[in-house]
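Every number here is computed from the coordinates shown, using simple stated rules; none is lab data. Just so it is clear, the structure is predicted and the values come from calculations on it, not from any experiment. Because the Cβ atoms are built from the backbone with ideal geometry, glycine has one as well, and the counts that use them run over all protein chains shown.
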Amino acid sequence: MLLCQFCVSGSLALMHWSDKRMVRLIGLFKLFKAALMLAVAVAAFRLIHADIIGLLEHWVLRAGLDPGGPRVGRLLVTAASLTPTKIADVGVGSLIYAALFLTEGIGLWYLKRWAEWLTVIITSLLIPVEVWEIFRHPNFGKILVLSINVALVIYLVHEVRKSPEESRVPH
């Protein structure tokens, strides 16, 4: 009887350690996404008054791509339509996402329930948009992102619904 209790408590302790590591891993992933969004914001703000077409032409030639090719041509046409306001909007949007990911990441790293709920809500709200994007333009990357986000939501919902005695937070 005592051995069974030890096995159960030992497996619960192992499960708690594993749960902490998984939640912290998700937190690190959110912090990585925050860093990426900050990089996008900085790049966007630096490009507001830059000659985007000139920069792109330089990089296209440097990469050895055909400037008259259909994909590169579309890229140049799209870049030509960017106004400073649109670029600033990308920068501001990226900063907002970075702040959200930073909040989620820090909260998950410190194993806070509110951060788990925040991540569940935000990620769940984006799933319909991801599904729509897959129907519009399906590709492996979009399907992979959707799969990861669905798995993340399912895992965190399971974690959040645990009773207090099963909580991962150290006492």
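Quick notes on this one:
- Computed P(r) (all Cα pairs; region 33-122; 5 Å bins; percent): 3, 14, 17, 15, 14, 12, 8, 7, 7, 3, 0
- Computed extension length for Trp132-His49: 26.5 nm, one decimal, from 0.36 nm per residue of separation with the Cα-Cα distance subtracted.
- For region 112-171, a crude dipole built from +1 on the beta carbon of Lys and Arg and -1 on the beta carbon of Asp and Glu, taken about the Cα centre, is about 60 debye to the nearest 20.
- Going from the residue with the fewest nearby Cβ atoms within 10 Å to the one with the most, Val60, Val160 rank Val160, Val60.
- Taking the number of Cβ atoms within 10 Å of each Cβ as an exposure proxy, the fewest-first ranking of Thr78, Thr85 is Thr85, Thr78.
- Karplus-derived 3J(HN,Hα) values for region 133-149, using 6.51 cos²θ - 1.76 cosθ + 1.60 with θ = phi - 60°, are 4, 5, 5, 6, 9, x, 7, 4, x, 5, 5, 5, 4, 4, 4, 5, 5 Hz; glycine and proline are entered as x.
- For Phe135, Phe32, Phe101, the sequence from fewest to most other C-beta atoms within 10 Å is Phe135, Phe32, Phe101.
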